[in-house]
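S.K.: Pasting a structure here, questions to come.
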Amino acid sequence: MSRLFFAVELPGPVRDEAARVAEQMRQTVTVPARWTPVENLHVTLKFIAELDADRLPKLIASAAGKLARVGPFRVELAGSGAFPNHRAARVLWIGIGEGRSTLARLARKLDASAGRQGAERDRQPFRAHLTVARLRDPAPVPLEGLPAPDSLAFEVEEVVLYESRLSSTGATHVPLTRLPLGASEDSSIEFAPEP
């Protein structure tokens, strides 16, 4: 069984901006937290806790079909905050402004595709964000003290299916396949898991 997730990758300049904001957050928030490595910053659309390997080709085919119906679109970083709230924060995040409704639509499509392959469906409504840190214990975080990213937009042209490989040093995200948005029905999808 694999721990999988669908996500939108960040282009270099956007990842650099997110890393800058994350570093400012680290200096502002003094409670113990596990900070997301820069190379792991992304917008998660659907997390799949476990999936049997024999179901993976059907998951990819189903997701590719759904994503083919959505064309490329713009996304922009905007704001920052905490989940579930700033009084008892567990997660610090950078938000998404433009493009968040389209990301939510993609998340619903991918949730449906994964559900048909036996994955657990999402119970919470989707909220587009980049997870910057996970606090060890719930703690108050002053929202006015959190930095916000500069407005930086990028074009989303594909969704990536990753495998999350856990080790003593943390998680490594290995891309398994890239699913283009707005692809024609006869486009081939390469599934090439790394060793």
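All of the numbers you see were taken from the coordinates with simple rules; none came from a lab. Predicted model only: the values in this text are computed from it and were never measured. All Cβ positions, glycine included, derive from the backbone under ideal geometry; neighbour counts span all protein chains shown.
S.K.: Counting pairs of alpha carbon atoms under 8 Å apart in space and at least six apart in sequence, what relative contact order in percent does the chain give? Intermediate results must be reported in sequence, preceding the final value.
M.R.: Values: 387 pairs, mean separation 60.9, N = 195.
Rounded, it is 31 percent for the chain.
S.K.: Taking 0.36 nm per residue of sequence separation and subtracting the Cα-Cα distance, how much length would be gained by fully extending the chain between Asp122 and Asn85, in nm to one decimal? Show your work: numbers first, answer last.
M.R.: Values: separation 37, 0.36 × 37 = 13.32 nm, distance 1.97 nm.
Taking 0.36 nm per residue and subtracting the Cα distance, the gain is 11.4 nm.
S.K.: Quick one: compute a quarter of the convex hull surface over the Cα atoms of the chain and quote it in nm². Display every interim value, and only then the final one.
M.R.: Numbers: hull surface 44.0 nm².
Average projection, Cα convex hull of the chain: 11.0 nm².
S.K.: Report the trypsin sites (Lys or Arg not before Pro) located in the stretch 73-146 that are in a DSSP loop and have at most 14 other Cβ atoms inside 10 Å of their Cβ, or state none.
M.R.: Values: sites: Arg74, Arg87, Arg90, Arg100, Arg105, Arg108, Lys109, Arg116, Arg121, Arg123, Arg127, Arg134, Arg136; in loops: Arg87, Arg121, Arg123, Arg127.
Here the sparse-neighbourhood loop sites are Arg87, Arg121, Arg123, Arg127.
S.K.: Net charge near Ala49, counting Lys/Arg +1 and Asp/Glu -1 over other residues with Cβ under 9 Å of its Cβ? Don't skip to the end; give the middle numbers.
M.R.: Numbers: positive: Arg3; negative: Glu50, Glu120.
Within the 9 Å Cβ shell, the charges total -1.
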